[in-house]
1. I need the full set of residues from region 71-80 which are assigned to a helix (DSSP H, G or I) and surrounded by 13 or more Cβ atoms within 10 Å (Cβ to Cβ), in order please.
2. I'd like to know if region 100-115 contains one or more residues that are farther than 22 Å from residue 15 by Cβ, loosely packed, with under 15 Cβ neighbours inside 10 Å, at pLDDT 90 or above and over 11 Å from the mean Cα position of the chain (by Cα).
3. Could you pull out the residue among 88, 84, 68, 97 that is at pLDDT below 90, surrounded by fewer than 20 Cβ atoms within 10 Å (Cβ to Cβ) and closer than 16 Å to residue 121 by Cα?
4. Quick check, is residue 60 buried (at least 19 other Cβ atoms within 10 Å of the Cβ) and part of a helix (DSSP H, G or I)?
5. Return the total of residues in region 38-56 being at pLDDT 70 or above and surrounded by 14 or more Cβ atoms within 10 Å (Cβ to Cβ).
């Protein structure tokens, strides 16, 4: 394996929960703050922020990063809490995507992002504690 690829793989593997947290946290901000700013007319020219494909991108990376991190980590530490949190968070996101635009959808989508971000934090601490044991 090429040296640069090996370094990149080690970096991503060591920080995958950070990337998962960051993606989910940005998703929660996107779902909560931007609808408010758009409704106030403060982001008038930025209609693309609420575009379907941007939401699908957040969702794809949430699933991808959770799969990479949480399933592999579960095999190490054997604690299912973070996986269950991700399932709950993804359920909130999928339900929210199928709701009419409004406050209920905003709350559902924001909660989904926050729950998934929290799952990555929980998983990070599970991994640290399993290394010390």
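The values are calculated or read from the model by the stated rules, or taken from the named source; none is laboratory data. In this text, all values refer to a predicted model and were calculated from it rather than measured experimentally. Virtual Cβ from ideal backbone geometry, glycine too; neighbours counted across all protein chains shown.
1. 72, 73, 74, 77
2. Yes, because at least one residue in region 100-115 is farther than 22 Å from residue 15 by Cβ, loosely packed, with under 15 Cβ neighbours inside 10 Å, at pLDDT 90 or above and over 11 Å from the mean Cα position of the chain (by Cα).
3. 68
4. No.
5. Residues flagged as at pLDDT 70 or above and surrounded by 14 or more Cβ atoms within 10 Å (Cβ to Cβ) within region 38-56 amount to 2.
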